[in-house]
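Okay, so here's the structure we're looking at.
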Amino acid sequence: MESSSRNAGSWAVRPHAALGQHDGALDTAAATQQSGARAETIPHSVQRMMNRIGCGYVALNRNKRVVEWNASTRAVLGIADTPDQISAGLRRLIGGWENVLPGSILWVVMSFREGRPVMFSERAEGVSDGVSIVALLDRTVRPEPNPLTLQEIFGLTSAETRLAIEIARGGAPLEIARSHRLSRTTIRSQLASLFAKTETNRQAELVALLDRISVLP
């Protein structure tokens, strides 16, 4: 992908809250819905990455017809199980198709509060001719890293890996200890080892690192 050109957001966009909120579950199965036209698709590597980070995506052909989407898109848009429903919900969210350009990705970042999302676009490499992509980034979703990837990169034990995943989900160490019936001493020991192996010093640093790692397979 090449350098992005941010849009100033001068178009009118309806509040997204009425369209349904994401339930926070990651689309780990990468269940992609097809409406046909297999030639007009998103590269599989992009699909997998979007699903790993819990990001919805919609592919549109040159006629702005929906040809592909994933389960996270349904969660963001609410009741959206057919191409027509996806199209209608997406148009309400972004205010029309004028900012959706062939060969580009339009990133749509949801607001925590009611109001229009922030949008910016960049050129997309590798997509089929005439296809455009709308990526829906729900900021309430917390991506999770692959446990095996964590163990391979940092040499974590099974217990440390479980703790890292729970922290990535937003859990506090003492709450995690109670839910798993662990003593405070045990959880503090595991957390100290986790900090040492990941070369982090605070929980906020660890969460930021886990967020970055979540894009890896």
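The slack between V215 and K64, meaning 0.36 nm per residue of separation minus the straight C-alpha distance, is 51.5 nm.
FRET efficiency for the pair R91 and S45, taken as 1/(1 + (r/R0)^6) with r the Cβ-Cβ distance and R0 = 35 Å, rounds to 0.80.
Ligands, DNA and RNA left out, the accessible area of the stretch 64-191 computed with a 1.4 Å probe is 49% carbon and sulfur.
Phi angles across the stretch 149-155 convert, under the Karplus curve 6.51 cos²θ - 1.76 cosθ + 1.60 with θ = phi - 60°, into 3J(HN,Hα) values of 5, 4, 5, 6, 6, 10, x Hz, Gly and Pro given as x. The share of alpha-carbon pairs in the stretch 77-202 lying farther apart than 16 Å comes to 72%. Between T149 and A172, the contour length at 0.36 nm per residue exceeds the alpha carbon distance by 6.1 nm. The stretch between V109 and K197, if pulled fully straight at 0.36 nm per residue, gains 28.4 nm over its current Cα-Cα span. Per residue, the stretch 149-217 exposes 58 Å² of accessible surface when a 1.4 Å probe is rolled over the protein heavy atoms with every protein chain present. Convex hull volume per residue, computed on the Cα atoms of the stretch 73-114, equals 89 Å³. Each peptide in 49-61, 86-98, 131-143, 166-178 was scored by the mean count of other Cβ atoms within 10 Å over its residues; highest first, the order is 49-61, 131-143, 86-98, 166-178.
The values are calculated or read from the model by the stated rules, or taken from the named source; none is laboratory data. Predicted, not measured: the structure shown is a model, and the values here were computed from it. Because the Cβ atoms are built from the backbone with ideal geometry, glycine has one as well, and the counts that use them run over all protein chains shown. The accessibility values were calculated without ligands, DNA or RNA, using every heavy atom of the protein model including side chains. Shrake-Rupley method; radii C 1.70, N 1.55, O 1.52, S 1.80 Å.
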